[in-house]
1. What area, in nm² and to one decimal, does the C-alpha convex hull of region 191-317 cast on average over all directions?
2. Where does region 1-158 land on Rg/Rh, using Cα atoms and the Kirkwood Rh?
3. Under the rule that an exposed site lies in a DSSP loop and has at most 16 other Cβ atoms within 10 Å, name the longest stretch of the chain with no chymotrypsin sites (Phe, Trp or Tyr not before Pro) of that kind, not counting the sites themselves.
4. Tell me what the chain gives for mean residue ellipticity at 222 nm when only DSSP H runs of n ≥ 4 count, each as -39,500 (n - 2.57), the sum divided by the residue total, rounded to 500 deg cm²/dmol.
5. Cross-link partners among lysines for K244, C-alpha distance below 25 Å, same-chain residues fewer than 8 apart left out?
Amino acid sequence: MAPSNIIVVGGGIAGTMTALELQRKGEQVTLIDRWEPGHSRASSTDYNRVIRAISGRDEFYTRWARESRLRWLELQAESGQNLMYECGALILASEGHCDWEDATSQTFDTVGVPYFKYSQSEIQQRFPQFRVPDIAYALFEPEAGMLMAHRCVLTCIDLFKRAGGVVKRGRVTTDGSERPMLDGKPLEADVIIIATGPWMSEMFPRTIKPITTVIGVNVIYTSTPDGSDAFDMENMPCWIDHGKSSFGLPSSEGSGVKAAVVIPDKIDLDNDERLIRRECLSRTRSYIQHRFPGLVGEKVVDSKFNQIILTPDTHFIVDWHPEHDNVLFAGGCSGHLFKHAPVFGSFVAGVAVGDYGTADRFKVAGRRKLSPKESPSGR
Ligand SMILES: Cc1cc2nc3c(=O)[nH]c(=O)nc-3n(C[C@H](O)[C@H](O)[C@H](O)COP(=O)(O)OP(=O)(O)OC[C@H]3O[C@@H](n4cnc5c(N)ncnc54)[C@H](O)[C@@H]3O)c2cc1C
């Protein structure tokens, strides 16, 4: 059968992985992005992202994360690039609010994900960097870790080009019926995949905007103590601290310790400079001082201000446009797509070529807000 002519719009991790999978399936794929893939405005920017199977009671994402981990390791072996560091991830269960962590350990037992459960004193012994008087227990997932995000995007672009894929620069818009256009003309292809991350909302004001919210997230990097490697990824895991709406990653490749307190912020995608907001800076600093006494007095050495597109249930969007039957949406990151990207990309590729339909959870219709207990993110 002749290869299909497929356009993927958006060169973040969702579009890049999808394009790579389709090209490797034998289709002829063109990837179009407004800016140079790897650019600093995209959600996929920054040095690193956490990869973890931890997803509360949600077995679906737990299994996807486990499968993605293997695929990332394969891509790492194939490319010879350091894409993933297996430094583990620690989830801290706050005293009196352990529902999500309790559910996670049950899911791990069902799916067969290796983990340890540490008491407060065991956390202190094993990871003395953390101060945990308010923590009931922690789950440690040793096969979790971090993906070197920027490098992952560039490596996938490189593999895509080497497989014969074409990368072009251009800004895709939509007309009144939400048909994708380029340079004033309708885009022509057998399938057009829209993987424009948070920009999907404004491009599709009727279909995607009503089921999404775009928020800004501030992240800071803090220097590690002079002469100490205690906060390096060899000695410290990534962590999730639900009780404090926080997460972070140890220092890797000289980055400093990354921490975020998730305080949803407004963001104008095209016009805002990516400068961290002052209020978040002080709240994140206070958090670091509370949780990591060894970082008191250390300096902010880097920062990022970036965005997430959220769906009400935090499930991704993989569905056909209701009026244009060759237009497929692939995104709705909800803050957790990066780790899943290899499986997400191959799933989208299968839907695009008609191997199977999409999953109910990824459909545009029927979205509803989940309770923190049901939600994969626990929020
Ligand atoms: C601070 C922060 C921390 C996160 N932490 C984690 C984590 O630890 N683990 C995890 O798994 N996930 C994490 N995420 C989420 C993850 O980064 C995102 O889910 C993922 O990067 C989304 O990728 P994307 O390809 O959908 O979007 P993007 O990376 O934004 O890519 C969209 C692309 O589309 C292009 N584009 C937009 N409009 C157009 C247009 N009109 N025409 C052509 N091109 C266009 C853009 O230029 C961009 O390159 C985090 C996100 C943030 C912001």
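Bear in mind that the values in this text are calculations on the coordinates, not laboratory data. Since this is a predicted model, take the numbers as computed values, not measurements. Ideal geometry is used to build each Cβ from the backbone, glycine not excepted, and the neighbour counts take in all protein chains shown.
1. Numbers: hull surface 39.3 nm².
That works out to 9.8 nm².
2. Numbers: Rg = 18.8 Å, Rh = 17.6 Å.
Rg divided by Rh gives 1.07.
3. Details: sites that count: W35, Y356.
It runs 36-355.
4. Details: 8 runs with 101 residues, N = 379.
Dividing the helical sum by the residues of the chain leaves -8500 deg cm²/dmol.
5. Partners found: K117, K258, K266, K299, K304, K339, K369, K373.
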